[in-house]
Structure formats: C-alpha cells, structure tokens
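Presented below is the structure to which this report refers.
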Amino acid sequence: MINADKSYRWNNDVEASVNLYNEWFVDVAPRAYLETRQVTVQEVEQAFLWTADMTAITPEVLEAHPKVLATLRMSTAPPIARDRLIGLSSGSKSLLKTMEKEGKLPPRMKQNVLYAHLSRMCAVLTDLLDLDLFPWYRTGEPVDPRQREVAATVVADRLCGTVADPIVRNAQEQRQLALIEEWLLARGYIKKAHPASLPLDSMQPGTFSFRQNVVVGDDLRVNIPVDAVIQPHTPQIHGLPILIEAKSAGDFTNPNKRRKEEATKIHQLRAKYGNNISLLLFLCGYFNTSYLDYSAAEGLDWVWEHRIDDLEAAGV
C-alpha cells in the first residue's frame, strides 16, 4: 500500500492538499472562469442574432439551433432550470438534455410531437422573458447597442454561474493530467492511444494513455472511462497496467457525496480482471479522513498531488 495503510499521516496530507488546491484556485480559477465567460458572451450574442434580439423565440429557431435553449432559459425572470422548464411546458426531459448537451434533436421523435414540445417551450420562455433586460420587446423600438451589450453580459454571467463548478473542475482535471504526463515523460514513458477493444495486458511497456475506456462485464459488456492508464517499463507478472483516477474537490462535502463512484468502479474492474487490477486515486483538494477511511476500506489506494513521486511506490 502507498497511503491507504498510513493513517498516521492522513491529517497532514489533507492539510497540505487543501493548501495546494487553494493556491491553485486563487491563481488559476478566476482566469478559467473569465475565459469561459468571454466565449459565453459570444454564444449569447449569436443567440440574440438568431432570435432577432429575443423578439422571435420560435420552434424554428430551437430546431435549427438546439443549444440556444440554455441561453433562452437564462433570459427569463427569474432564470429557470431545465426541470422548471420541463414542468411549465409539460416537456420531455430527454429532449431538453439532448438539445442542450448534445446540440441536436432526438432523431426518433415524430415531427408533430417535436414541434408541439418546442412550441410549448417557446411560449413559456416568451411569457417569462426578462423585460428589464430586453425593454425593446415591450416598446417595439429599435434596439440600442449599449442595451444589447448589457443584456448579453448579464445573460452570459447567468450562464457561467450555472456552470461555475464544472468550469473550475475541468480546469483542475486538465492540470492534473498535464502534471501526470510531465512526470511520466520525464521518466521515458511514451503517450499512446490504447483501443478499448484490445486487452489491457496487451499494452506496451513504458506507455500510457489518457481518458481511456476500459471494458468490464462479461454477459453485459460496459465501457468505463479511466483518466490515466500506465503500463510500467517493467510490467508486473500479471501484465495489467496501473489505472489512475484524477480527483479534485473544492470543499469537503462533495467528495463524500460521490465517494461511492470510485468504489463501484474498482468493484467492476475486479469482477472482470481479478484482484490484481490496480486503481489509484490522484488527489488534490478537500478530501477529509472520512473519505480516505471509506476509500481504504473499499480497497482503494491513492497518491497525493503534492507528493506525486509516490507513483514510484506504485511501480510506475
């Protein structure tokens, strides 16, 4: 074991990990948020163009530009969540999810049913439109460019507010993977893609890959995503690589809510590959001793980002 059996130093590691995360957050998170905000403002301005400055929220607009729905939800007073729009429009949860997350319409939904859903959504969005942001809708007067700019900024801020946590989490995950990659390259490892269709033990020695799907299950085969897969220069006898999940947390509550995810993943892996399979957590941030104790009890081990050289103890 690397850290799971060393509870005497957990408290010190938790403190060091929290300090590291806080330093990163203050330095990087605002910039990541602002960069996303700039892109979001451009998307909102595009939405204004498609809807004639919010005076023409129509099924045709939603059909041509499904992703615009998120911007329209943030243009109401009050801004409404997906579930609220579903309830108010007697809508379809799968339809809204497909539109906003995938930017497309369900291919199997009949046209008349789709049009009815889109029409009801447009009626709700139009009725709830924030007229303080879009005063020209009520007056019918030409849009003042300054008013448009202010409205776009406010809607963009609302959109960014709904995805602030994912923005920060994605930025931190990218940084963690970049750190792992830098550490591996410095030790002669080569980054390669390893198709999920190939057995794990066929991975070439001294190679690694990111965001790889690993097949589990026998009767029902399922791909589970793994952040990093590393085959050491000298593979272990069983030939299986080392799997790593990059985990970060900005508070102590969230990881305790989601701690069962890693436990489920290791159980799935062991059911398929046996007890020799190794899944390490790469931790940075707010992971308290309760989370660590639970993870250790589930047979998980971890490497702290502030002590990345512990990867050597894992055989990397």
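The values are calculated or read from the model by the stated rules, or taken from the named source; none is laboratory data. Note that the structure is predicted; figures quoted are calculated from it, not measured. Quick reminder, even Gly has a Cβ in these numbers, built from the backbone with ideal geometry, and neighbours come from all protein chains shown. When the accessible area is computed, the model is the full protein with side chains, heavy atoms only, and any ligands, DNA or RNA have been set aside. Shrake-Rupley method; radii C 1.70, N 1.55, O 1.52, S 1.80 Å.
Miscellaneous remarks
- For the listed peptides 228-239, 117-128, a ranking on the average number of other beta carbons within 10 Å per residue, highest first, reads 117-128, 228-239.
- Solvent-accessible surface ranking, highest first, for ARG148, ARG138 at 1.4 angstrom: ARG138, ARG148
- Counting only protein heavy atoms and a probe of 1.4 Å, the accessible surface of the chain is 51% carbon and sulfur.
- Cα gyration tensor shape for the stretch 104-241, rounded if a/c is under 1.5, else prolate or oblate: oblate
- Solvent-accessible area per residue for the chain (1.4 angstrom probe, square angstrom): 51 Å²
- Computed P(r) (all Cα pairs; the chain; 10 Å bins; percent): 5, 22, 23, 21, 17, 9, 2, 0
- Report summary: the helix-based calculation at 222 nm, which adds -39500 (n - 2.57) for every DSSP H run with n ≥ 4 and divides by the residues of the chain, gives -16000 deg cm²/dmol.
- Beta bridge orientation in the chain: antiparallel %, DSSP, nearest 5: 50 percent
- Bridge type composition, the stretch 170-316 - antiparallel percent by DSSP, nearest 5: 45 percent
- Area of LYS265 that stays accessible when all protein chains are in place (1.4 Å probe, Å², to 10): 30 Å²
- Sparse-neighbour loop sites [trypsin sites (Lys or Arg not before Pro); the stretch 1-59; at most 15 other C-beta within 10 Å; DSSP]: LYS6
- Under the combined filter of DSSP loop state and at most 14 neighbouring Cβ atoms within 10 Å, the stretch 216-264 retains these trypsin sites (Lys or Arg not before Pro): ARG221.
- Cα-based helix-to-principal-axis angle, 253-273 vs the chain, degrees rounded to 10: 60 degrees
- Taking a quarter of the surface of the Cα convex hull of the stretch 11-52 gives a mean projected area of 3.6 nm².
- Using alpha-carbon coordinates, inclination of helix 164-185 to the longest axis of the chain, degrees: 30 degrees
- Values of log10 I(q)/I(0), in the order q = 0.16, 0.21, 0.23 Å⁻¹, for the stretch 214-316 under a Debye, Cα-only, solvent-free model: -0.72, -1.18, -1.35
- Given in Å, the Rg to one decimal and the Dmax to the nearest whole number for the Cα atoms of the stretch 253-297 are 11.3, 32.
- Taking every lysine pair in the chain that is 8 or more places apart or spans two chains, those with Cα atoms closer than 21 Å amount to 17.
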